[in-house]
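Q: Have a look at the structure that comes next, please.
What follows draws every value from the coordinates through simple rules; no lab data is involved. As the structure is a computational prediction, the values presented were derived from the model and not from experiment. Glycine also receives a Cβ, built like all others from the backbone with ideal geometry; neighbour counts cover every protein chain displayed.
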Amino acid sequence: MTSRGRTLWIVGVVVALAVAGIVSWYASGSPDGLEWAAEQAGFAHTAEGSATAGSPFADYLWNGEENRLSAGASGVVGVLVTLGLAGGVTWLVRRRGTPAGKN
Amino acid sequence: MQTMCNKVDVVHVPDGFLDPATSVSTGVLAAGTVALALNRARAELDDRTAPLAGLTAAFVFAGQMINFPVAAGTSGHLIGAVLTAVLVGPWTALLCMTAVLLVQAVLFADGGLTALGTNVTLMGLLAVLVGYGVFRGLAAVLPRTRTGVLTAAGGAAFLSVPAAALTFVGLFALGGAVDLPLGAVASAMTGVHLLIGLGEAAITVAVVGAVLAVRPDLVHGAQGLRTAAALQDRRPTAAGAAR
């Protein structure tokens, strides 16, 4: 990566971590579009609990603790895991050896 | 204070909304398309763009955590499919959206495991297909300027949300868990998702605009601007520009 590319990447990761770890505290707690529509139309009751409901990060809270540390840490973990997974897969499938040996 | 610590409630399609046959079908469709994307994304990814793809997925994960209020008592959140497709290309976008939805389903119990194929089909495949198609169509008729690209991205992002919502209604018609008048499901889904689409467009324009401002050469959907960008920017390489 060029130094400008690296700067963009670092700034981007910091912004994503801040959004998931801090801004998420202020997200609206109202039912989202699908949830609301399901209630309106009358099929919300058909939702089943997820098989992963026992995950320590279920519902974006560490062990279900409803506080900022728990919510923020969950967001940070999610960003890092997503970055690793998507970044890893796209890095593996990329074309190797950029022409003219750039970067 | 209600805002002190809201439980983040992204809410994708949970288990149970659709019958097993429909879930299996969307699962097969999603798996097949992702396999194809693993092959096709290669053309979009190189040493420069692959890091941006991982970053974009991480940003979409973060962005989806932020439910914004829409109408009274309802909220919506980013999908991010158009944002990702415009930044890193449509096949890569499908991979990125799948990674986000997989992490959400497995780690955060957001969106059911049996509904993962449905969520990938709606927010990955469908939103990318419709959104990127609309983006390409609009970009072809709009001026090849930054404003033109951003307008096309915003319009496409707006439409991708009701398109995904209506596709869910279609799946519900095929294999909904309960028999309901479709009109009621469609009208409930469409109205609120048109409003959410406005938020999707605003976030997409802001993020694509920010990347265009600093690194226009990295933006997949702005390749037509590359020559102009290169004039005011450091030229990448002749080989890079020719790709």
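Q: What percentages make up the Cα-Cα pair-distance distribution of region B:20-242 when the bins are 10 Å wide from 0?
A: Reading upward from the zero bin: 8, 33, 36, 17, 5, 1.
Q: Can I ask one more? Over the whole of A:12-25, what's the average partner chain Cβ count within 10 Å per residue? Rounded to a whole number, please.
A: Mean number of neighbouring Cβ atoms from other chains: 5.
Q: Restricting to Cα pairs below 8 Å that are 6+ residues apart, what does the relative contact order work out to for region B:20-242? Please round to a whole percent.
A: Computed over region B:20-242, the figure is 24 percent.
Q: In addition: Using a 10 Å cut-off on Cβ to Cβ distances, tally the other chain neighbours for every residue of B:174-181 and report the average as a whole number.
A: Taking the mean over all residues of the peptide, I get 2.
Q: Over chain B, with a Gaussian network built from C-alpha contacts below 10 Å, which listed residue (B:Ala152, B:Ala164, B:Ala186) shows the highest mean-square fluctuation?
A: Per the Cα network of chain B with a 10 Å cutoff, B:Ala186 tops the list.
Q: Ignore the peptide's own chain and count Cβ atoms of other chains within 10 Å of each Cβ in B:76-85; give me the average, rounded.
A: Across B:76-85, the average partner-chain Cβ count within 10 Å equals 1.
Q: I need B:Ile203, B:Ile196 ordered by Cβ neighbour count within 10 Å, fewest first.
A: The order, fewest Cβ neighbours first, is B:Ile203, B:Ile196.
Q: Taking Cα atoms, how many degrees apart are the long axis of helix B:20-40 and the longest axis of chain B, rounded to 10 and kept between 0 and 90?
A: Approximately 10 degrees, to the nearest ten.
Q: Please provide three numbers in whole Å: the alpha-carbon extents of the protein assembly as shown along the principal axes, with the largest listed first.
A: Result, largest extent first: 59, 43, 35 Å.
Q: Viscosity 0.890 mPa s, temperature 25 °C: what is the translational diffusion coefficient of chain A from Stokes-Einstein with a Kirkwood Rh over Cα pairs, rounded to a whole number of µm²/s?
A: Answer, rounded: 145 µm²/s.
Q: Here's something else I'd like to know. Please state, rounded to one decimal and in Å, the Kirkwood hydrodynamic radius that region B:105-229 gives when every pair of distinct Cα atoms enters the mean of 1/r.
A: The answer is 16.0 Å.
Q: Using only the C-alpha atoms of region B:1-138, find the volume of their convex hull and express it per residue in Å³.
A: Taking the convex hull of the Cα positions in region B:1-138, it is 129 Å³ per residue.
Q: Not counting the cut sites, what is the longest span of chain A without GluC sites (Glu not before Pro) that DSSP labels loop and that have at most 15 other Cβ atoms within 10 Å?
A: Value returned for the longest uninterrupted segment is A:1-64.
Q: For chain A, set up a GNM with springs between Cα atoms under 10 Å and report which of A:Gly84, A:Gly72, A:Gly33 has the largest fluctuation.
A: Highest fluctuation among the options: A:Gly33.
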